[in-house]
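A.B. asks: Below you will find the structure I want to go over with you.
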Amino acid sequence: MDRAQLADFLRTRREALQPEDVGLPRGPRRRTRGLRREEVATLSGMSTDYYSRLEQQRGPQPSEPMLAAIARGLHLSLEERDHLFRMAGHNTPGRTQRSDHVNPGIMRILDRLDDTPAQVITILAETLVQTRLAVALVGNETDFTGLSRSMVYRWFTDPHARRIYPEADHPSHGRVFTSGLRATYSRQGADSRAGQVVDALLEESEEFRQLWSAHEIDLERQGPKRIQHPDLGLLELHCQVLYDADQAQALLVYTATPGTESHEKLQLLSVTGDRQPHL
């Protein structure tokens, strides 16, 4: 049981919820950021004292039914619920660890996408294989070694990693990358490769430390992904994601809406695909 992380997670999730989110009146004198402890306790069907002791790192190890009640009270997502269980020292259904061997079914699909930007990544955002047009679109991401294999690590330590995205989109990318890493860390544990990336980034990046402290889990990207290509300019693309059976790897396929300027640029990329971006 990780009392400090459990307490911090409960507090941040409680403060992120507003009374209106859970059907409670705000009231004219509310000064508390988010929900009050007694409100979460009521929503979870437990005493305020019991819940408060968990946030103060003084409580006993919660039972699985108690954790399920807290997850419901705080309106946690499935990833957040699993994260809660692990911090409290309980097991949740595990998933297969990362492998550099590309799933055969995923590879068969990738082989048919020679005229499309597509690539296979691990749950740590390590690129395993790319089509020719994916290299032309985002650069060669398969030659990195060590922790730099992970796009999440590069995002916070290598300024070059951000050049393909408009600066206005950097904050949202940082949040999504961090929340995805936290979900992987929660599943794999502190002694995993995810743990190594987390430890390194906590030491090397103040931006990451601030985002990590927010305890956001597996945020979803909203809208199209904007990529700033050095030759073609700005492209607004849809990133379709296909996971393998155990969700250890994902196939990313970049497409554009027909009739748009981005679609025309993507067609041009297929003609000039042998030229890589100068990242």
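The values are calculated or read from the model by the stated rules, or taken from the named source; none is laboratory data. Note that the coordinates shown come from a computational prediction; the quantities given were computed from them, not determined experimentally. Heads up, the Cβs are rebuilt from the backbone with ideal geometry, glycines too, and the neighbour counts pull from every protein chain shown.
A.B. asks: Out of curiosity, is G105 surrounded by 19 or more Cβ atoms within 10 Å (Cβ to Cβ), touching a residue at least 12 places away in the same chain (Cβ under 8 Å) and assigned to a helix (DSSP H, G or I)?
C.D. replies: Details: surrounded by 19 or more Cβ atoms within 10 Å (Cβ to Cβ): no; touching a residue at least 12 places away in the same chain (Cβ under 8 Å): yes; assigned to a helix (DSSP H, G or I): yes.
Criteria not met by G105.
A.B. asks: Looking only at the range 53-89, count every residue that is of a type in the set (A, V, I, L, M), buried (at least 19 other Cβ atoms within 10 Å of the Cβ), outside any loop (DSSP other than H, G, I, E, B) and touching a residue at least 24 places away in the same chain (Cβ under 8 Å) and tell me the total.
C.D. replies: 4
A.B. asks: Would you pick out the residues in the range 162-193 that are touching a residue at least 60 places away in the same chain (Cβ under 8 Å) and under 17 Å from V138 (Cα atoms)?
C.D. replies: Listed by number, the residues that qualify are R163, I164, Y165, P166.
A.B. asks: Another question, then. I'm checking my understanding of the structure. Among residues of the range 140-163 that are hydroxyl-bearing (S, T, Y) and in a helix (DSSP H, G or I), which one is farthest from V197 (Cα to Cα)?
C.D. replies: Step by step, filter the range 140-163, then rank; the result is T157.
A.B. asks: Determine, yes or no, whether L211 is of a type outside the set (K, R) and touching a helix residue (DSSP H, G or I) at 6+ places or on another chain (Cβ under 6 Å).
C.D. replies: yes
A.B. asks: Quick check on this structure: which one of L43, L6 is under 20 Å from A214 (Cα atoms) and among the hydrophobic types (A, V, I, L, M, F, W, C)?
C.D. replies: L6 is the lone residue from the list that is under 20 Å from A214 (Cα atoms) and among the hydrophobic types (A, V, I, L, M, F, W, C).
A.B. asks: When you look at R86, is it within 21 Å of the chain's Cα centre (by Cα), charged (D, E, K, R) and modelled with pLDDT under 85, yes or no? Spell out how you get there, then give the answer.
C.D. replies: Values: within 21 Å of the chain's Cα centre (by Cα): yes; charged (D, E, K, R): yes; modelled with pLDDT under 85: no.
Here the answer is no, as R86 does not meet what is asked.
A.B. asks: When residues of the range 22-47 are filtered for being in a helix (DSSP H, G or I) and farther than 14 Å from R11 by Cα, how many remain?
C.D. replies: Number satisfying all stated conditions: 4.
A.B. asks: Okay, moving on. Of everything in the range 235-255, what is modelled with pLDDT of 95 or more, farther than 16 Å from Q130 by Cα and among the aliphatic types (A, V, I, L, M)? Give them in sequence order.
C.D. replies: L235, L237
A.B. asks: Another question about this same structure. Which of the residues that make up the range 179-209 are over 16 Å from E126 (Cβ atoms) and assigned to a helix (DSSP H, G or I)?
C.D. replies: Taking the range 179-209 as the starting set, the residues that turn out to be over 16 Å from E126 (Cβ atoms) are 179, 182, 186, 189-191, 199, 202-209.
Those that are over 16 Å from E126 (Cβ atoms) and assigned to a helix (DSSP H, G or I): S179, R182, S186, D199, L202, E203, E204, E206, E207, F208, R209.
A.B. asks: Return the residue satisfying two criteria in turn: it lies in the range 120-139 and is in a helix (DSSP H, G or I) and buried (at least 22 other Cβ atoms within 10 Å of the Cβ), and of such residues it is nearest to the chain's Cα centre (by Cα).
C.D. replies: Going through the qualifying residues, I end up with V138.
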